[in-house]
1. For the range A:91-119, which positions are aromatic (Phe, Trp, Tyr) and surrounded by 21 or more Cβ atoms within 10 Å (Cβ to Cβ)?
2. Which residue out of B:ALA158, B:ALA98, B:ALA102, B:ALA69 is out of contact with any helix residue (DSSP H, G or I) (no Cβ under 9 Å at 6 or more places or on another chain) and more than 26 Å from B:LYS209 (Cα to Cα)?
3. For A:LEU195, indicate whether it is under 21 Å from A:ASP220 (Cα atoms) and out of contact with any strand residue (DSSP E or B) (no Cβ under 9 Å at 6 or more places or on another chain).
4. For the range B:121-155, give me each residue that is farther than 21 Å from B:MET23 by Cβ and not small (Gly, Ala, Ser).
5. Quick one: which helices (runs of 4 or more DSSP H) sit completely within the range C:195-306 and have at least 2 residues that are within 23 Å of C:SER169 (Cβ to Cβ)?
6. For the subset of the range C:190-219 comprising residues that are aliphatic (A, V, I, L, M), more than 7 Å from every other protein chain (Cβ to nearest Cβ) and open to solvent by 10 Å² or more (accessible area, probe 1.4 Å), which member is nearest to C:TYR112 (Cα to Cα)?
7. Among the residues of the range A:217-259, write down those that are away from chain B (no Cβ under 14 Å) and of a type in the set (S, T, N, Q).
8. Would you mention how many residues in the range C:28-70 are part of a helix (DSSP H, G or I), within 28 Å of C:THR270 (Cβ to Cβ), open to solvent by 100 Å² or more (accessible area, probe 1.4 Å) and not aliphatic (A, V, I, L, M)?
Amino acid sequence: MIDNNHVIPQTKIRVENFNLFYGKFQALDKITIDIPSNQITAIIGPSGCGKSTFIRSFNRMNELIPSVRTEGKIILDSKDIFEIDPVELRKQVGMVFQRPNPFPKTIFENIAFGPRAHGIRDHRILEEIVEKSLRQAALWDEVKDTLNKSGLALSGGQQQRLCIARALAVEPEVILMDEPASALDPIATLKIEELIEQLKEKYTIVIVTHNMQQAARASDFTLFFNMAESRAGYLVESGKTTDIFTNPKNELTEQYISGRFG
Amino acid sequence: MARELFERKIKQIQDEILLLGSMVEQATLDSVTSFKDRDIQTAKALIEDDQNINDKRFAIENAILILLATQQPLAHDLRLLAAMLLVANELERMGDYAKGIANNTIRLGISDLPIPYRDIEKMGELAVSMLHRSLSAFISEDISQALAIPHEDDEVDALFNKCYRTIVNGMIANPATIDDASLLLWVVHNLERLADRVVNICERTVFIKSGEMMEMDGSEDEVEG
Amino acid sequence: MIKDISLARKQTRVIDPAKNLHQRQLKQRIAFALIWLAGIIAITALLFIVGYMVSNGFKVINLEFLTTRPAGGVSGKGGISTTIVTTIYLVLLTITIAAPLGIGTAVFMVEYTTEYAGKKNLVGYLINLIRTSVEILAGVPSIIFGLFGFAVFVSYMKLKFSLLSAGLSGACLVLPLIIRTTEEALLTVPKSYREGSLALGTTKWQMIFGVVLPSALPGIITGIVLSVGRVIAETAVFWVTLGGSYRLPKNLLSSGRTMALHVYMLASETTAFDKALGTSAILIVIIILLNLAINISSKQFSKKFSGK
């Protein structure tokens, strides 16, 4: 077999014995995993296994829910994210959501919103950021003449790329994607996957997906989560995507990815 | 249990592979018998029947491609279908060996060459027996069988070397028979190669079960006939 | 088993499908007819009122009527110029006071306290108190706001009958309306906008000011325009807080007279009933224009941002 990854990638995010509770209910159970830098890590698993909850821990979005409590560590580079101010953390760890959620603003304002919130006022610099972000998100050619149109006027796939551009505009290091293509048609989905592949050069990407083929196509590493009888999510198996999808070690992974359960 | 239709279709393809296997076994045994009996009639029929083997192989290949395209198999299913694709190909090539033997039967005509019939027959029987058991092991994913069968290839190789010696010695003793005797060489060579390909089937069996791609013993590097 | 089948047959025989359909359609026709009738009665009554006002009122309306000030006295001589200006002053003052308070309260209730709502702690208790008060205030007759304004602003704070007393009382009157419409508008802003903003590393305030409020703006503006209408149309509150001077107010502490108040005074204290009708006609036109403005502006907003 041909193996292109001779170099073991560096760890970007280290998760150690991470537990998460909604009130008394334990949603994540002792997750320990290293997320490699500048790679695409896909998280798959049946509904309710805590995949989304898990990546929402990386930018502490879970904390918007009042009853959430966590244990264990999540270390970004060398800092524990729970010791970083969430506002600062979210600048470093961007997020793209399941449904495209452009703001009801113009395309330009959608992208300029983040940088502006971080203190950039100079219009010329903002213009540069907007163009650069849109180019990175492979949307520039489609919207360069309509930057003053509403972001909501775009098609679903374009809206999602706009949201990716918006996340890129604040120059994060990690981009979390929570089923970013589940609301899109197949062609738009492939475009997003293509884009993700290009983005990994500069960013560490963690993507949750329901679509096994998507994980197989678009990721370098795969984590398989499952739900225990207590309904707590736990990590079953992790490894190179090529290994997980051709030769998983765990029987549960095997059954899940070959469509026998979940 | 999800994916029942998919599993039924895989089962159908497995049955087809067993059927193709038994066609090849029969063709090999018949080719050896007709060679021994100098039965040109049967030899001609075997050459024509090879088309059936080829057709069956294409049918299997097509069915597998359709499953790959429509069911997006992964993990074990993916390995199984990929292996079946290769095994169908191996069986078709084995069919060609039988056809090659039949061709030589016709070309040899009624030459009165001394021929090591007993050994050739033994080779044929051994190779076919290996093939038969390797296919059952393949379908039932029986790793211990798949690991054991390739060792029998040594026996086939020994018989091949013995026949080879006999035939070459005959050539040296009577150079006028070289043309005809070289046809004999092809016959034993084909049987030896058939046994080598059985080893490939065993390798695939291990691959399906464990995901490991391992090279088993077998005189792979010889030229094909 | 056989019993069941015969029972089922019996039932099907009782319900004749064709007859059943006919009955159902008949019911539908009767219901639709009643709904139409109700609509027609309501519209006729409305058109009659507007028609009566306009046809009788427009007789007295001319440029002079609009540009001269009321002369006072029982004859009701003069125009309505100062009442128009006073109305505008009062509207501006009331909204300036009520809008920031109302919007602020709604933002507080929706954005900062969702996690406490319904909980048994101080903040949860406070939220419930505000919400209940707003609901009660929205149903209170306006004269009670007037009496409150008179007692607190006019008498106790010694602001007298003045624009300021009236503006403060008016603000109390429209505050529940602004709070409720703003709250509803904020609640319709999708969670995904909030998450999208926070995920960019904005603070909560940047999220509210940059994304949530702009998205809720059409709803908030609707609330404000409704409040403007309410101030324009109100008499009782201003009767006991604004006084009734037909002169142009000089400052915040001057007394004054809005158009609606003028209509009331013309009708009750003078013989110039036709002028009351004329002023009413202008009031009705203004209210209609305001409603049109709401429609157009909210359509414009949704057009601009849905991108169609």
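The values are calculated or read from the model by the stated rules, or taken from the named source; none is laboratory data. On a predicted model such as this, the values are computed, not experimentally measured, just so you know. Please note: Cβ atoms are built from the backbone with ideal geometry, for glycine as well, and neighbour counts cover all protein chains shown. Just the protein is used for accessible areas: all its heavy atoms, side chains included, with ligands, DNA and RNA removed. Shrake-Rupley method; radii C 1.70, N 1.55, O 1.52, S 1.80 Å.
1. Scanning the range A:91-119 gives A:PHE97, A:PHE103, A:PHE113.
2. Residue meeting the stated conditions: B:ALA158.
3. yes
4. B:LYS122, B:GLU141, B:ASP142, B:ILE143, B:GLN145, B:LEU147, B:PRO150, B:HIS151, B:GLU152, B:ASP153, B:ASP154, B:GLU155
5. C:213-233, C:236-239, C:259-269, C:273-306
6. C:LEU213
7. The answer is A:ASN226, A:SER230, A:SER238.
8. Residues in the range C:28-70 being part of a helix (DSSP H, G or I), within 28 Å of C:THR270 (Cβ to Cβ), open to solvent by 100 Å² or more (accessible area, probe 1.4 Å) and not aliphatic (A, V, I, L, M): 3 in total.
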